[in-house]
Amino acid sequence: MPIKIALILSVILQFVTAIIALSLVKRTRNNIAWWLISAGLLLMAFRRVFEILQVYDSHSRLISGFLSSWIGVLISIVMLVSLIFIKRIFNIQKQIDDLRKQNESRILSAILKTEENERQHFSKELHDGLGPLLSAVKMAISTVGDNKSINGQIISNADKLIDESITTLKEISNKLSPHVLKNFGLHKAVKSFINKLSITNNPHIHFNSNIENERFSFNIEVVLYRVVCELISNTLAHANAKNIYIDLMKEDHHLALKYIDDGEGFDETKIKQEFAGLGYSNIRSRIKSLNGSFTVFTKPGEGIEVTSLIKLS
């Protein structure tokens with residue numbers, strides 16, 4: 001008796017499961033895999049019916065057992081085919097994810113390229129527009145300086161201020177669009193940036209690279225240059241470090257950047273908050289635009305270690 005009750009409950013549950021599965025077909029947009037799964041569940045329910053017939057009717061046991069066995073085979077075939085279709089769905093989903101990632105990288109790359117073009121345009125306008133005007137003013141001041149009736153000290157001070165303005169203008173122009181990067185490449189641009197830093201004592205910057213005069217794509221050179229500059233600026237502003245170690249190495253078909261400072265570091269529990277404050281989210285976005293990896297390790301009192309790996313096409 002308990003076996004019969006269990007079989008009846010099993011049949012009821014199987015039919016309820018099959019009905020629920022069929023009711024969800026529309027939500028799956030009539031996907032064939034879901035149709036096959038629903039059919040398999042329905043066949044399982046019918047198989048249970050034949051098992052009940054074997055228990056209640058001994059005369060039909062042979063026929064019921066035969067039908068139950070073949071339904072079992074059919075269930076296996078249906079489930080196998082449904083799994084094949086599900087596997088295809090997963091493959092399509094993977095292709096969609098890959099396309100989405102590629103599109104994200106293209107969009108980020110386009111944004112960065114547009115930003116860099118704007119920097120170059122603004123730099124050119126400053127250099128070609130405001131630069132000559134300051135030079136003309138300097139010439140005029142120099143001419144006025146020959147007139148003894150005018151206070152020579154005032155003229156001298158004005159001349160110095162104009163010289164400082166021209167120097168500052170060149171520095172701003174170069175920061176916006178470094179001409180060394182465009183003309184000589186990543187290695188010399190990073191080296192030039194380090195040499196121009198007015199660091200009296202600490203930190204001491206150790207720069208090691210094997211790329212020398214090798215050139216890379218526009219995006220790779222610009223992004224890595226900006227990343228290195230941002231990391232150095234963060235260390236100078238916040239870390240109170242004594243040493244900075246920068247390794248920029250070409251390894252097989254990858255470009256690897258490792259940045260280490262022996263500064264104060266920060267708590268990993270506050271890492272997201274620190275990232276927002278120190279611009280690491282911007283750095284991560286730049287690296288992501290190149291489909292590169294970006295990892296950060298830091299602890300209070302142990303400085304910071306940043307590693308990035310970019311695949312070269």
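What's the total number of residues in region 213-229 that are under 27 Å from the mean Cα position of the chain (by Cα) and surrounded by fewer than 16 Cβ atoms within 10 Å (Cβ to Cβ)?
Qualifying residue count, region 213-229: 4.
Among the listed residues LYS258, LYS272, identify the single one that is modelled with pLDDT of 90 or more, more than 18 Å from GLY185 (Cα to Cα) and either basic (Lys, Arg) or within 16 Å of the chain's Cα centre (by Cα) (or both).
That would be LYS258, the only listed residue that is modelled with pLDDT of 90 or more, more than 18 Å from GLY185 (Cα to Cα) and either basic (Lys, Arg) or within 16 Å of the chain's Cα centre (by Cα) (or both).
Being of a type in the set (Ser, Thr, Tyr) and at pLDDT 65 or above: is that true of SER123 here?
No, not satisfied.
Let's see how each residue does on (1) farther than 18 Å from GLU305 by Cα; (2) in a helix (DSSP H, G or I); (3) aromatic (Phe, Trp, Tyr); (4) free of Cβ contacts under 8 Å to residues at least 12 places away in the same chain:
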position: ALA189; (1), (2), (3), (4): yes, yes, no, no
position: SER192; (1), (2), (3), (4): yes, yes, no, no
position: ASN195; (1), (2), (3), (4): yes, yes, no, yes
position: ILE205; (1), (2), (3), (4): no, no, no, no
position: GLU214; (1), (2), (3), (4): yes, no, no, no
position: VAL222; (1), (2), (3), (4): yes, yes, no, no
position: TYR225; (1), (2), (3), (4): no, yes, yes, no
position: GLU230; (1), (2), (3), (4): no, yes, no, no
position: ASN234; (1), (2), (3), (4): no, yes, no, no
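PRO203 versus (1) over 30 Å from ILE107 (Cβ atoms); (2) within 25 Å of the chain's Cα centre (by Cα): which is the lone unmet condition?
Failing condition for PRO203: (2).
Can you find a residue in region 77-90 that is of a type outside the set (Asp, Glu), modelled with pLDDT of 70 or more, over 28 Å from PHE46 (Cβ atoms) and assigned to a helix (DSSP H, G or I)?
So far as region 77-90 goes, yes, one or more of its residues are of a type outside the set (Asp, Glu), modelled with pLDDT of 70 or more, over 28 Å from PHE46 (Cβ atoms) and assigned to a helix (DSSP H, G or I).
The values are calculated or read from the model by the stated rules, or taken from the named source; none is laboratory data. Being a predicted model, the structure only gives us computed values, none of them experimental. We place every Cβ from the backbone using ideal geometry, glycine too, and count neighbours over all the protein chains shown.
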